[in-house]
Amino acid sequence: MTSPGGRSLEEEVRAQVAAWLAAAWDPELSLAQWRARLADSGWACPAWPREWCGRGLPAAAAGVVAQEFARAGAVAAPEGAGLNLAGPTILEHGSDELKRRFLRPTVTGEISWCQLFSEPGAGSDLAGLRTRAERDADGFVVSGQKVWNTSANHADFGLLLARTDWDAPKHRGLTYLILPMRQPGVEVRPLRQMNGHASFNEVFLDRARVPAGNVIGDPGRGWTVALTTLAHERRLAPAARRPPAHGPAGRAAREAAEESERAMAPYRWYPQRAGRPDLVIERAIAAGRAADPLVRQEIVKLITLAWSARWTAQRAAAARALGRPPGPEGSVAKLASSNIARAAARVHAMIAGPAGQLAGADDPAGGRAGIISEIFLSVPAVSIAGGTDQIQRTILAERILGLAREPARDAGVPFREVVSSG
Ligand SMILES: Cc1cc2nc3c(=O)[nH]c(=O)nc-3n(C[C@H](O)[C@H](O)[C@H](O)COP(=O)(O)OP(=O)(O)OC[C@H]3O[C@@H](n4cnc5c(N)ncnc54)[C@H](O)[C@@H]3O)c2cc1C
């Protein structure tokens, strides 16, 4: 695509954002002052509409803008569930009133978000959730329990999926609410994982209040709205969760680094959960196993798998940039990442031997103390988070291969009857 001046859209966007940053970026502003300027410019979320803190550009422009921000060392919009999940969901389904109240403070970082979807009995079967929201004169009264909620311990608002109609079939009785987290009816308890990190929380809701105006989409249509949030969640590349390297020192950069430290803390172990195939050669050399033909064979198998997956992802990205509809590449990517993570953990185990189980001061590998044991304990998460391997296989079978659909026992049945039949 070319602009009237003959430049490609990418060159045009690059030139525009660079010129704006040259004039506007001032590291000595406070973070709040800088983010206000950024939100007004539309460069914080270039793919969002102009009237809502964006510039109405194609999604692909965001990468070019991010590169220019990195080049200038300028602070970008805050990371986390706000820009990635809440913003796109409100933009697609929210009223103008919700957009006015929530989008700009999300872009400036004045408010932060968490996602309240999964429950102890509703993970793969998310539409079977049982958190109850009952209407009263002022809004909704919510009781139930959520789990696996990243950042719920410091979020201002939760994206809450709750059941408002028990007589409708399970997908049709859900409503999507914006829950104020700081209130007496909301109790957040951190969960510690087997790898030692505490990234998630349980959230207990006991007559928590949601104002009547905080419904995204129509009551009872929450499932459709939730699908938008889930689609954006799946699109979230792990790389986007790495802490940004804020360039020069300055007040805005310092304050942004503190903000990022807190927002990114839950994701510190995510590189290890991917199995770290990038580390196997280095580790084989360090352990004196690089000449072992069996080790070499396993490394080559792993690298082949990892590179094929990377090229498939690049093909999918190129197709998207050309405006083609999503193909099967996206569906296989999640399953491929599970397989790669497990294969990488096996190769690391082969190289490290029993010493790989040691962590902290006991780890003889020094430098990267405990990283191998952290890989072993983190890799299983890839096969569960964002939809289990079994569920991914069902999706591939039904939507890509066109095989018979899994029988839906409770389709069309009022949810109240599903619950009472156990
Ligand atoms: C690291 C991590 C991060 C997470 N982050 C979030 C988050 O940010 N937000 C959020 O809401 N949730 C999050 N989750 C929760 C995650 O979405 C659920 O754990 C997942 O969907 C599985 O649900 P479950 O744990 O209830 O297991 P279940 O659904 O009870 O599944 C148990 C087992 O049964 C199998 N199974 C279930 N149904 C079927 C079926 N129909 N066919 C074949 N096999 C089936 C599953 O594959 C699995 O092996 C996270 C989980 C992890 C591990």
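Label segment 84-230 by shape, choosing from rounded, prolate and oblate, from the square roots a ≥ b ≥ c of the eigenvalues of the Cα gyration tensor; if a/c is under 1.5 it is rounded, and otherwise prolate applies when a/b is larger than b/c, oblate when it is not.
rounded
In nm, to one decimal, how far is the modelled label at Arg100 from the one at Arg296, with both set 7 Å along Cα→Cβ?
7.0 nm
By per-residue mean of other Cβ atoms within 10 Å, what is the highest-first order of 187-200, 165-178, 121-134, 405-418?
Details: 187-200: 14.6, 165-178: 20.5, 121-134: 17.4, 405-418: 12.6.
Peptide ranking by packing, descending: 165-178, 121-134, 187-200, 405-418.
In whole angstrom, how long is each semi-axis of the equivalent ellipsoid of the chain, when you take the square root of 5 times every eigenvalue of its Cα gyration tensor and sort them from largest down? Don't skip to the answer; put the middle values down first.
Working: eigenvalues 241, 194, 106 Å².
For the chain, the semi-axes come out at 35, 31, 23 Å.
Using alpha carbon coordinates only, what is the Rg to Rh ratio of segment 165-206, with Rh defined as the Kirkwood radius?
Values: Rg = 15.0 Å, Rh = 13.1 Å.
Using Cα coordinates only, the ratio equals 1.14.
Sort segment 305-422 into rounded, prolate or oblate with this rule: let a ≥ b ≥ c be the square roots of the eigenvalues of the Cα gyration tensor; rounded if a/c is under 1.5, and if a/c is not under 1.5, prolate when a/b is larger than b/c, oblate otherwise. The partial results should precede the final answer.
Details: a/c = 3.24, a/b = 1.51, b/c = 2.14.
Verdict is oblate for segment 305-422.
Rank Gly360, Cys53, Leu191 by how far each Cα sits towards the positive end of the charge dipole of the chain (+1 on Lys, Arg Cβ; -1 on Asp, Glu Cβ) and give me just the farthest.
Gly360
Convert each backbone phi in segment 280-289 into a coupling constant with the Karplus relation 6.51 cos²θ - 1.76 cosθ + 1.60 (shift: θ = phi - 60°), then list the ³J(HN,Hα) values in order as whole Hz, x for Gly and Pro.
5, 5, 4, 5, 5, 5, 4, 8, x, 10
Ignoring ligands, DNA and RNA, what accessible area per residue does the chain give at 1.4 Å, in Å²? Don't skip to the end; give the middle numbers.
Values: 21640 Å² over 422 residues.
Heavy-atom accessible area per residue stands at 51 Å².
Report in % the part of the accessible area of segment 335-422 that belongs to carbon and sulfur, leaving out ligands and nucleic acids; probe 1.4 Å.
Details: 2900 of 4960 Å².
Roughly 58 percent, rounded to a whole number.
If you consider only alpha-carbon coordinates, what radius of gyration and Dmax does segment 184-226 have, in Å?
When restricted to the Cα atoms of segment 184-226, Rg and Dmax are 15.0, 41 Å.
Mind checking which aspartates and glutamates have their C-alpha under 12 Å from Lys99, skipping anything on the same chain fewer than 8 residues away?
Glu51
Within segment 270-313, what residues put their amide N at less than 17 Å from the label point 7 Å along the Cα-to-Cβ vector of Arg399?
Within reach of a label on Arg399, which here means backbone N under 17 Å from a point 7 Å along Cα→Cβ, segment 270-313 contributes 313.
Quick one, what does Rg over Rh come out to for segment 52-127 if you take C-alpha atoms and the Kirkwood Rh? Could you put the intermediate results ahead of the total?
Values: Rg = 15.1 Å, Rh = 14.4 Å.
Here the Rg-to-Rh quotient is 1.05.
Taking H as built 1.01 Å from N, whose amide H comes closer than 5 Å to the amide H of Gly158, not counting residues under 5 places away?
Cys114, Leu179, Met181
In straight Cα distance, which lysines are under 18 Å from Lys170, not counting same-chain residues fewer than 8 positions off?
Partners found: Lys146.
Determine ³J(HN,Hα), in whole Hz, for all residues of segment 52-59 in sequence, where each value follows from phi through the Karplus function 6.51 cos²θ - 1.76 cosθ + 1.60 and θ = phi - 60°; x replaces Gly and Pro.
10, 6, x, 10, x, 8, x, 3
Round to a whole number: what % of the accessible area of segment 115-157 belongs to carbon and sulfur, probe 1.4 Å?
Details: 790 of 1790 Å².
Looking at segment 115-157 in its full context, I get 44 percent from C and S.
Given H placed on each backbone N at 1.01 Å, which residues far from Phe200 in sequence or on other chains put an amide H within less than 5 Å of it?
Leu191
Express in nm, to one decimal, how much length is gained between Glu10 and Ala318 on full extension, taking 0.36 nm for each residue of separation and deducting their alpha carbon distance. Numbers along the way, then the final one.
On the way: separation 308, 0.36 × 308 = 110.88 nm, distance 1.42 nm.
The span from Glu10 to Ala318 would gain 109.5 nm if fully extended.
Once the Cα atoms of segment 83-128 are picked out, what are the Rg and Dmax in Å?
When restricted to the Cα atoms of segment 83-128, Rg and Dmax are 13.1, 36 Å.
In whole angstrom, how far apart do the alpha carbon centroids of segment 40-74 and segment 158-181 sit?
33 Å
The values are calculated or read from the model by the stated rules, or taken from the named source; none is laboratory data. Keep in mind that this is a model prediction, so the values were computed, not measured. Using ideal geometry, Cβ is built from the backbone for each residue, glycine included, and neighbour counts are taken over all protein chains shown. To get the accessible areas, we keep the full protein, side chains included, count just its heavy atoms, and leave off ligands, DNA and RNA. Shrake-Rupley method; radii C 1.70, N 1.55, O 1.52, S 1.80 Å.
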